[in-house]
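See structure below.
The numbers here are math on the coordinates, done by the rules we state, and not lab data. Remember, predicted model here, so these are calculated numbers, not experimental data. Positions of Cβ are backbone-derived with ideal geometry, glycine not excepted, and every protein chain shown enters the neighbour counts.
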């Protein structure tokens, strides 16, 4: 009898340790509409998620790891929301671990107050500065640009450094302004080349008259 009670006691202790050590498996129905929640670590596709993870999803030989599908009737809603309380926390990160590498590396990172890294960023803009090449475009002369710079300490139609530092800059708008300045420079260079060629022709003509 004592042996039987000891066996039952040891079995109960073993079960408790098993529950504590191993992850618990959801046993509810897949069509359940009730709420599902837990306070501990949760693993999907993995038995024991890492200690520093709240939700770990592993997808082996699948095309998609996580799908977030949402339908909204108003703008500026969220499909996926990552809320952080420190500026340098990675709010969203895509890690890449190629074969033979030393480990994961950031290939796309969005910080609360930091960098965005990607192989391509496409920015839509309603206008692009080919208007500089129109015949009615008011191209400032270099002397006018010089006078503007001396007074304002920045290029015409370009935000001042103080404004950028305080308010940041919109990448699309800044790209348009930069392209505008590049196209204006080309027009000035073309004008200078024409003047140089005219002076060269005039100089050649004067030499031939001597």
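May I ask for the angle, rounded to the nearest 10°, between helix 171-209 and the longest principal axis of the chain, with both axes built from Cα atoms and the value confined to 0 to 90°?
Approximately 30 degrees, to the nearest ten.
Using just the C-alpha positions of segment 39-86 as equal point scatterers, what log10 of I(q)/I(0) does the Debye formula give at each q in 0.22 1/Å?
Normalising to I(0) and taking log10 leaves -0.96.
Pop the C-beta distance of residue 80 and residue 48 into the FRET formula with R0 = 25 Å and round what comes out to the nearest 0.05. Numbers along the way, then the final one.
Numbers: r = 25 Å, r/R0 = 1.00.
That gives a FRET efficiency of 0.50.
Any idea what diffusion coefficient segment 129-209 gets from Stokes-Einstein, in µm²/s, Kirkwood Rh on alpha carbon pairs, 4 °C, 1.567 mPa s?
Details: Rh = 15.2 Å.
Rounded to a whole number, D works out at 85 µm²/s.
Using only Cα atoms, what is the ratio of the radius of gyration of segment 80-121 to 2.2 N^0.38 Å?
Working: Rg = 11.8 Å, N = 42, 2.2 N^0.38 = 9.1 Å.
Its radius of gyration relative to the 2.2 N^0.38 Å reference: 1.30.
Can you work out the FRET efficiency for the pair residue 157 and residue 57, with r the C-beta to C-beta distance and R0 = 45 Å, to the nearest 0.05? It would help to have the intermediate numbers written out before the result.
On the way: r = 49 Å, r/R0 = 1.08.
The formula returns an efficiency of 0.40 here.
Normalised by the residues of the chain, what does the relative contact order come to in percent, with Cα pairs under 8 Å and at least six apart? Walk me through the numbers on the way to the answer.
Details: 134 pairs, mean separation 18.7, N = 210.
Contact order relative to length: 9 percent.
Considering the alpha-carbon set of the chain alone, what are its Rg and its Dmax in angstrom?
Both quantities, over Cα of the chain: 33.3, 134 Å.
Helix 2-21 versus the longest principal axis of the chain: what angle, 0 to 90°, nearest 10, using Cα atoms?
Its long axis makes an angle of about 10 degrees.
Could you give the nm distance between label points at residue 206 and residue 31, where each point is 7 Å from its Cα heading toward the beta carbon?
My value for the distance between the label points is 9.8 nm.
What relative contact order, as a whole-number percentage, does segment 80-121 give when Cα pairs under 8 Å and 6 or more residues apart are counted?
Numbers: 59 pairs, mean separation 14.9, N = 42.
The normalised contact order for segment 80-121 reaches 35 percent.
Measure nothing but the geometry: give the 0 to 90° angle between the long axis through the Cα atoms of 142-152 and the longest principal axis through the Cα atoms of the chain, rounded to 10°.
The helix 142-152 is inclined about 50 degrees to the chain.
Mean separation of Cα pairs under 8 Å and 6+ residues apart, divided by the residue count of segment 26-93: what relative contact order is that in percent? Before the final figure, lay out the partial values.
Values: 39 pairs, mean separation 10.5, N = 68.
It rounds to 15 percent for segment 26-93.
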